[in-house]
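The structure appears right after this line, and notes come after that.
The values are calculated or read from the model by the stated rules, or taken from the named source; none is laboratory data. All figures in this text were calculated on a predicted structure; none of them were measured in a lab. Glycine also receives a Cβ, built like all others from the backbone with ideal geometry; neighbour counts cover every protein chain displayed. These area figures cover heavy atoms from the full protein model, side chains too; ligands, DNA and RNA do not enter into them. Shrake-Rupley method; radii C 1.70, N 1.55, O 1.52, S 1.80 Å.
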Amino acid sequence: MIGGFLGAGKSTAMLRLATSLIAQGKTVGLITNDQSVGLADTTLLRSHNLEVQEIAGGCFCCRFNSLVEAADKLSERTRPDFFLAEPVGSCTDLVASVSYPLRRIYGDQYSIAPLSVLVDPIRALRVLGVEKGKSFSHKVEYIYKKQLEEAQIIVINKSDLLEPDRLAQLRQGMIQTFGDKPIVEVSARQGDGLDQWFDMIIDREMEPTATMDLDYQTYGEGEALLGWLNATLDFQASRLIDGEVAMMDLANDIQKRLSDQGHQIAHLKMTLARRGGGEDVAALNLVDSAYVPELSQSLFDKLRQGELIVNLRAEADPQELKDAVVAAVEGLKELQPDLTLSFEHIEHFRPAMPKPTHRMALSDIVGLGGES
Ligand SMILES: Nc1nc2c(ncn2[C@@H]2O[C@H](COP(=O)(O)OP(=O)(O)OP(=O)(O)O)[C@@H](O)[C@H]2O)c(=O)[nH]1
Ligand SMILES: [Mg+2]
């Protein structure tokens, strides 16, 4: 499992890891996860010809059986050597509610790698109080810190964004707050440091450690402060349109509307997939209200017909997210009269209280696999 807060770079890293394993002749099956259906991550990963199963309707911990079913589905043709799973970015307690139950119930079928938790370094500097800057509410930060507390490997991603002295400060802050655990610095985008990290998880089994204390009430309240929106739109144009410009206009407008209301964006992600175009998918991301949206993957060319997915997570009332997205879609249609955008699916909500299927302590797995 590759965990970490929203926008930390989990999908980007998973794509890198999958590509690296395939280059070594291994087979991989990927599992994405969200509170609801219609995931930009799934579209993005499938555009790289990867086998992906999506688990919607709650995090791995609350949909434990679906996780195992997804692994079974990925094994229908040939059993992958590796399953790579990306939990929801607002989720924590994965060791107690996923790794240990997998070990205890399916330990003869799977070997479970250490839990890596990725961070965006700029957000981490703020959450740890090393640098000043706008962040989330206390209860959302509680989840962020708990993710790092249970990490078996902390992965400081996006090292390309920070100068060496700021990276060193962040590493120091991590050690001070979370103690002595393996920390690696990588850039999933540029490929730096990845081999060192991959060596720590490929063919390595997690070391059983005491599970952390977690106040589920605060965790649930923190998750519920985040508004969630998943939308899928049909994209039809009467002439060839530059899809990336359209995505950028839409993202800028959504960002402006939310920023005007003082809302902190955790991750706005979009994919635009050419209809019948298989691998031809553009991806756009915005991981902080103060940044500019960026394209992490481009379309081969202009298009007339496509499927646009919008996934928005922000600390805001979900109704306000919906209003912002609907208004921005209307604004885009006015800007591009040759373009018709119609909603095929739209959902907005706050994540429900987490209720894990299993929650196990170290004592539940001691004695399995040779530990004493
Ligand atoms: N500069 C830089 N950007 C990165 C790096 N890795 C990922 N990103 C960017 O960070 C943004 C978020 O990346 P994702 O991989 O979608 O993040 P995620 O953790 O999967 O996000 P959620 O699924 O929403 O939780 C994208 O714009 C990526 O291109 C990196 O190493 N450096
Ligand atoms: Mg992702």
*Checking E76 against (1) closer than 19 Å to Y110 by Cα; (2) open to solvent by 60 Å² or more (accessible area, probe 1.4 Å); (3) not in a loop (DSSP other than H, G, I, E, B), which test does it fail?*
(3)
*Output the residues belonging to region 149-171 that are free of Cβ contacts under 8 Å to residues at least 24 places away in the same chain and either touching a helix residue (DSSP H, G or I) at 6+ places or on another chain (Cβ under 9 Å) or open to solvent by 60 Å² or more (accessible area, probe 1.4 Å) (or both).*
E163, P164, D165, R171
*asked:* I'd like the full set of residues that are open to solvent by less than 10 Å² (accessible area, probe 1.4 Å), in contact with a helix residue (DSSP H, G or I) (Cβ under 9 Å, 6 or more places away or on another chain) and of a type in the set (G, A, S), limited to region 8-48.
replied: A8, A13, A18, G29, A40
*For region 278-317, enumerate the residues that are of a type in the set (D, E, K, R) and within 16 Å of ligand 2 (Cβ to nearest atom).*
D288, E294, R313
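What do you reckon, is G3 within 12 Å of ligand 1 (Cβ to nearest atom), crowded, with 20+ Cβ neighbours inside 10 Å and modelled with pLDDT of 95 or more? Outline the logic, then answer.
On the way: within 12 Å of ligand 1 (Cβ to nearest atom): yes; crowded, with 20+ Cβ neighbours inside 10 Å: yes; modelled with pLDDT of 95 or more: yes.
When the stated conditions are applied, G3 passes them.
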*If you go through region 217-247, how many residues are in a helix (DSSP H, G or I) and within 20 Å of D41 (Cβ to Cβ)?*
4
*From V88, V127, which residue is within 16 Å of ligand 1 (Cβ to nearest atom) and within 17 Å of Q264 (Cβ to Cβ)?*
V127
*asked:* Condition first: more than 16 Å from ligand 2 (Cβ to nearest atom), open to solvent by less than 30 Å² (accessible area, probe 1.4 Å) and among the β-branched types (V, I, T). Can you find one or more residues in region 264-275 that meet it?
replied: no
*Just one of the numbered conditions (1) of a type in the set (A, V, I, L, M, F, W, C); (2) touching a Lys or Arg at 6+ places or on another chain (Cβ under 9 Å); (3) free of Cβ contacts under 8 Å to residues at least 12 places away in the same chain is not true of V245; which one?*
(2)
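With respect to V52, is the statement that it is under 18 Å from L115 (Cα atoms), of a type in the set (A, V, I, L, M) and either within 16 Å of ligand 2 (Cβ to nearest atom) or open to solvent by 60 Å² or more (accessible area, probe 1.4 Å) (or both) true?
Details: under 18 Å from L115 (Cα atoms): no; of a type in the set (A, V, I, L, M): yes; either within 16 Å of ligand 2 (Cβ to nearest atom) or open to solvent by 60 Å² or more (accessible area, probe 1.4 Å) (or both): yes.
When the stated conditions are applied, V52 does not pass them.
Looking only at residues that are more than 16 Å from ligand 1 (Cβ to nearest atom) and assigned to a helix (DSSP H, G or I) in region 130-140, which one is least open to solvent (accessible area, probe 1.4 Å)?
Taking region 130-140 as the starting set, the residues that turn out to be more than 16 Å from ligand 1 (Cβ to nearest atom) are 130-135, 137-139.
If we keep only those that are assigned to a helix (DSSP H, G or I) as well, we get 138-139.
On the way: H138: 145, K139: 73 Å².
The qualifying residue least open to solvent (accessible area, probe 1.4 Å) is K139.
Considering only residues that are outside any strand (DSSP E or B) and within 16 Å of the chain's Cα centre (by Cα), which ones fall in region 79-95?
Of region 79-95, the ones outside any strand (DSSP E or B) are 79-81, 86-95.
Selection gives E86, P87, V88, G89, S90, C91, T92, D93, L94.
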*Does region 96-129 hold any residues that are surrounded by fewer than 17 Cβ atoms within 10 Å (Cβ to Cβ) and in a loop (DSSP other than H, G, I, E, B), and which are they?*
G107, D108, Q109, Y110, S111, G129
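Kindly indicate whether R257 is closer than 16 Å to D234 by Cα and away from ligand 1 (no atom under 11 Å from the Cβ).
For R257, the condition - closer than 16 Å to D234 by Cα and away from ligand 1 (no atom under 11 Å from the Cβ) - is not met.
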*Can you pull out the residues in region 360-372 that are in a loop (DSSP other than H, G, I, E, B) and either open to solvent by less than 60 Å² (accessible area, probe 1.4 Å) or at pLDDT 95 or above (or both)?*
M360, A361, G367, E371
*Please tell me if S111 is hydroxyl-bearing (S, T, Y) and either without any contact (Cβ under 8 Å) to a residue 24 or more places away in the chain or away from ligand 2 (no atom under 16 Å from the Cβ) (or both).*
yes
_Considering only residues that are free of Cβ contacts under 8 Å to residues at least 12 places away in the same chain, under 20 Å from R123 (Cα atoms) and assigned to a helix (DSSP H, G or I), which ones fall in region 177-212?_
none
*When you look at Q255, is it modelled with pLDDT of 95 or more and either acidic (D, E) or over 20 Å from the mean Cα position of the chain (by Cα) (or both), yes or no?*
no
*Residues of region 206-244 classified as loosely packed, with under 14 Cβ neighbours inside 10 Å and of a type in the set (V, I, T), total*: 1
*Of all residues in region 141-165, how many are within 12 Å of ligand 1 (Cβ to nearest atom), part of a helix (DSSP H, G or I) and over 12 Å from F5 (Cα atoms)?*
3
*Residue selected from region 80-94 under the condition farther than 18 Å from D203 by Cα and hydrophobic (A, V, I, L, M, F, W, C), by the criterion farthest from ligand 2 (Cβ to nearest atom)*: L94
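Got at least one residue in region 63-83 being within 16 Å of ligand 1 (Cβ to nearest atom) and at pLDDT 95 or above? Please lay out each step first, then the result.
Going residue by residue through region 63-83, those that are within 16 Å of ligand 1 (Cβ to nearest atom) are none.
Within region 63-83 (the criterion being within 16 Å of ligand 1 (Cβ to nearest atom) and at pLDDT 95 or above), the answer is no, since none of the residues qualifies.
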